[in-house]
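Derivation of every value follows stated rules applied to the coordinates shown; laboratory data play no part. Only a predicted model underlies this, so the values are computations on that prediction, with no experimental measurement involved. Every residue, glycine among them, receives a Cβ derived from its backbone with ideal geometry; neighbour counts consider all protein chains shown.
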Amino acid sequence: MSHRPDSERAIRAHRLLAERGSDALSLLPRPIGPSWARSLAGGMDEGRLPCFEPLSAPRLAERRERNRALLAHARPVMETLYQQIAETESMVILTDPEGLILESLGDDDFLVRAQRVALAPGVSWAETERGTNAIGTALVEAAPTLVHGPEHFLAANAFLTCSAVPLCDPAGAPLGVLDVSGDWRGYHRHTMAIVRMSAQLIENHIFAGSFPADLTLHFHPRPEFLGTLCEGMLAFAADGRVLAANQAALFQLGLERAALLGRGVEAPFVTRLAELLDRSLRPADRFTLGLRTGVRVEAVVRPGAGFAAAPRRAGPALRRAPAMAPGEGLAALDTGDGAMRAVLARLRPVIGRDIAILIEGETGTGKELLARALHADGPRRQGPFVTLNCAAIPENLIESELFGYEEGAFTGARRQGYPGKVVQADGGTLFLDEIGDMPLALQARLLRVLQEREVTALGAARSRRVDIAVLAATHRSLRDLVAAGGFRRDLYYRLNGLRVALPPLRARGDLPALIEHILARASAGAAPSIAPAALAILAAHDWPGNIRELANALRTAAALAGPEGPIGPEHLPEELQEVRPAPAAPPASLAAIEHASIRAALAAAGGNVAAAARRLGISRRTIYRKLGRKPGPPEEAARRERPAWPSGL
């Protein structure tokens, strides 16, 4: 686990190390002290300047290809993580299991300094080569690790503060490390929490795509957390043995991975495989499941292709699970903004009519959310929803990722081959995000697939028929790309059956409803309270990252504030805290946010005004004043636990 950094203690340890040798280690906490001991045992000199040449371009490309799946799942999360730390003199880093940097995103000013210590792709940050550092030490300790400033063994690295979290595959094998490194003077205690959440998101994405032929169980004690970062996930083989578990599942079950893998369904649950198979006939239905610990959880079962193909007694064939739960279609996106409502009204008549839809909008405006909603409302809702971000995958990997490959098609290919996104979407919807970044050479192949509804994997001798609906999205103008020769005109016309443009968040009038909706989803249904000062900051921000930035800020703030709340300015990202709203009368949007926040606090408190006031950090009288209602006599207020509030509240 990471620790709270103590720079002065580390500086004293360096001085003592120069004077009396290893006695200095007693000053340092775990995991810093043991890591220094390993560095000393390896013959390292704290004062030397390491010189490591990065791998050659061909060797780095080979290592990236070897970690193709990790890169594909990690890149979108890294981009989102970087948006949260941008302009903080920091960088986001992804390594392989040996500590070799595969990918990095960073601020230009900091990258110049980072190059001095070779903090760049192709360089190894294993502890044996770099001494105590967050990446290498996290791999040794197999735990999240913070190394701050002078806690680095090598003095050359002392200007860094680094928060690293190991990544594991669904079976627990190491995949690499996700790390945020920055100037040690900019240390923030919240960074590790954000990195841990991002690492968990990557692991969950990898888990979700690793068991297409198996039965997966998704569960959590609170139904609102199903489909979120916190849900437990287990994969079962056809005979009921546990194949894999994510971290949330291990935590909820109270078991170590070694004690769970290979066991039957009956080991963690009060149920049998036959019951799960019966439940899988209705994959959209949620049901209650008992754990051996006595806890009851809400669960859904999703059968893979292997279960769909296997006959089960005299029952009907199993169906694939829907990509989204009922009630999460277009209606869920209508939170009161007029422009957004017009977009939804334009889309409803074409759902299920095999009309290509092109979604345009700035990064973070919710293009994928809209695509998922279209899938959920359409006739393919029982089929898969498969996404491919054309901007997040290297050009040399997009072809195999999209069209798949046969066994032995190229060096490093999986032994059993890979079906590709087009085949994975058979019977459902393929969502091509950032289609404007697709290489020209692949655009011709994609056009043939869309016209002929056939796909040929790399190395395959024959084509395969597919039944897919295709949705595409971009933050760029495809029309301008066509004019500049960067996008095929014929593919543009094939994708542009109906074009809709999502409004940026700064132009929307439903910020209060969006805040309430996001917090409710991130906080078990009842939105946590928000202090008035934090509300003012949220209302004053121009949201360049749009809904994605808002959601990231609110989810992190809710986690940092804890279940008791309220969310204050100190829980918001630093770039938002820099906003200083003018001390004027609250604008209409801020008043609406306050109104929504009070309503959420009252709902969470069961209508108890005193409890809601405590959650909000304000007085009961302030609640009455904000709602335009006078408090009753003291004895009446004491007697009424759930006052009747005005309609519309």
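Net charge dipole, the range 211-309: roughly 100 debye, given to the nearest 20, about the Cα centre with Cβ charges of +1 for Lys and Arg and -1 for Asp and Glu. For ASP285 and GLU87, the difference between the fully extended length at 0.36 nm per residue and the C-alpha to C-alpha distance is 66.8 nm.
In terms of the mean number of neighbouring beta-carbon atoms within 10 Å, the peptides 478-486, 568-576 order highest first as 568-576, 478-486. Note down the nm distance, to one decimal, between modelled labels 7 Å out along Cα→Cβ at ALA274 and at HIS205. Those two pseudo-labels are separated by 4.1 nm.
Applying a DSSP loop filter and a limit of 16 other Cβ atoms within 10 Å to the trypsin sites (Lys or Arg not before Pro) in the range 420-463 leaves ARG453, ARG462. Close amide H partners of ARG499, meaning residues 5 or more places away or on another chain with modelled amide H under 5 Å apart, are LEU358.
Summarising the label geometry, the points placed 7 Å from Cα in the beta-carbon direction at ARG296 and ALA444 lie 6.2 nm from one another.
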